[in-house]
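K.L.:
Have a look at this one.
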Amino acid sequence: MPKAHYIKVASASTGSRSQARQRSRNLSRGSRLRRLRLDCAIAEYLGDVRARRSARAADRLEWLFNDFRKFCPKLLLRSIKRRDLIFYMAALRERGLADRTIFNRISTMLSFLKSFGIEGLLSRKDLPRYTQKSVDAYSEAEVAELLKGVDERSRAIFGFFLGTGCREQEVAYMTWSDVDLDQKLVRITAKPQWNWKPKDCEERYVPIPEWLIDTLRELNVNSGSSLVFPNQLDQPEGHFLAKLKTLALRAGLNCGHCTNKRGQSCKDKPVCRRWSLHKFRRTFATMHHDSGVSARTLQAWLGHSNLETTLRYLKVADLRSERIRSQVDKTFATVVATRGNTI
């Protein structure tokens, strides 16, 4: 009994000391928060993002914080209140920004404040509601028409987007050391020399088709760069999207209904929203799914952190499948008159 009593007392004493240390840390954090300047908090947060993610991500956030500071001249972090965020949302809306863009910017501000222990300023109901866009993919005919008659480099670039499902930055920083022509694989790896990391800092392998292997072999013969698709200065290419839209315009594939903020129409300018680099990822997923590749496998190839994102990519593939078309036709078979007669 005495031994058991001694152990119990010691455990209680240890718990009390642990609680005391936690209270001390909370008091210290609270004291620091009361004195912390907003500019200093932003600099600290950006430094953390730069260390954990990338300089590019930190630069984007810095632009957002500078924009917020124009509407919120307060000096101390703790002085930011609910109305400051509400006023900033109103200012963004007056500037004509889309609800999705406003949602993303305010969510980023809330994440920043939460990292310093400031929570509950806004609820989900306060944030703008936006329509979730459907995930679409290119048809095989569209891809074939786009690449018909283009130069070999353009065919290699957009064939690579299609055949690997890589993101724009992953293609820009792809090096020949990442391409295994014998094993028919590409690797998405960090590039410290350019201070670049894959999304979520996760490296992965992607198998590639035979036709892309042949294209890359020919491209590699004449390449004098470590990058697969360097720009004219032997640096990572940053104009893939402009090149894609230019090809679509030349091929006569623009929808003819898009108009950008400058009033330019896609009838005669390379500004059609129908064409995007990310759409190649959806096409990659759709075509593999149609061939029987599982959603879990595609999740790994695409580098998605959760399966839900991959499944969103595959909704269009399911709608276009022969199985679904057969079910739809069967549903209305008794409604539509047979033997050549229609409703």
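K.L.:
Name the residue that is modelled with the lowest pLDDT, counting only residues in region 95-149 that are aromatic (Phe, Trp, Tyr) and closer than 29 Å to Asn254 by Cα.
P.N.:
So the first thing to find is which residues in region 95-149 are aromatic (Phe, Trp, Tyr), and the list is 103, 112, 116, 130, 138.
Keeping just the survivors that are closer than 29 Å to Asn254 by Cα gives 130, 138.
Details: Tyr130: 81, Tyr138: 92.
Per the stated criteria, the residue is Tyr130.
K.L.:
From the list Lys243, Lys191, Lys184, which residue is of a type in the set (Lys, Arg) and touching a strand residue (DSSP E or B) at 6+ places or on another chain (Cβ under 7 Å)? Talk me through it step by step, then tell me what you get.
P.N.:
Working: Lys243 fails: touching a strand residue (DSSP E or B) at 6+ places or on another chain (Cβ under 7 Å); Lys191 fails: touching a strand residue (DSSP E or B) at 6+ places or on another chain (Cβ under 7 Å).
The unique qualifying residue is Lys184.
K.L.:
List pairs: first in region 307-329 and of a type in the set (A, V, I, L, M, F, W, C), second modelled with pLDDT under 75, Cβ under 9 Å, 6+ apart or cross-chain?
P.N.:
If the second residue must be modelled with pLDDT under 75, the pairs left are Leu314/Val135; Val316/Ser134; Val316/Val135; Leu319/Arg325; Ile324/Asp318.
K.L.:
Here's another thing I want to ask about it. Quick one: would you say Glu237 is exposed (fewer than 14 other Cβ atoms within 10 Å of the Cβ) and either in contact with an Asp or Glu (Cβ under 8 Å, 6 or more places away or on another chain) or closer than 30 Å to Val49 by Cα (or both)? Spell out how you get there, then give the answer.
P.N.:
Details: exposed (fewer than 14 other Cβ atoms within 10 Å of the Cβ): no; either in contact with an Asp or Glu (Cβ under 8 Å, 6 or more places away or on another chain) or closer than 30 Å to Val49 by Cα (or both): yes.
Judged against the criteria, Glu237 is not a match.
K.L.:
Here is a further query. Consider only pairs whose beta carbons are under 9 Å apart and that are at least six residues apart or on different chains; among these, list those whose first residue lies in region 261-273 and is not assigned by TED's automatic domain parsing to the domain that holds Arg95 and whose second residue is outside any loop (DSSP other than H, G, I, E, B) and loosely packed, with under 13 Cβ neighbours inside 10 Å.
P.N.:
Pairs found: Pro270/Ala242.
K.L.:
Looking at Thr246, Thr297, Thr331, which one is over 17 Å from the mean Cα position of the chain (by Cα), outside the structural domain of Glu168 (by TED's automatic domain parsing) and polar (S, T, N, Q)? Spell out the reasoning first.
P.N.:
Values: Thr246 fails: outside the structural domain of Glu168 (by TED's automatic domain parsing); Thr297 fails: outside the structural domain of Glu168 (by TED's automatic domain parsing).
Residue meeting the stated conditions: Thr331.
K.L.:
Which residue, of Arg95, Arg78, is of a type in the set (Lys, Arg) and either surrounded by 13 or more Cβ atoms within 10 Å (Cβ to Cβ) or in contact (Cβ under 8 Å) with a residue 24 or more places away in the chain (or both)? Write out each step before concluding.
P.N.:
Numbers: Arg95 fails: either surrounded by 13 or more Cβ atoms within 10 Å (Cβ to Cβ) or in contact (Cβ under 8 Å) with a residue 24 or more places away in the chain (or both).
After applying the criteria, what remains is Arg78.
The values are calculated or read from the model by the stated rules, or taken from the named source; none is laboratory data. Quick caveat: nothing in here was measured; it's all calculated off a predicted structure. Don't worry about glycine lacking a Cβ; one is built from the backbone with ideal geometry, like all the others, and counts go over all protein chains shown.
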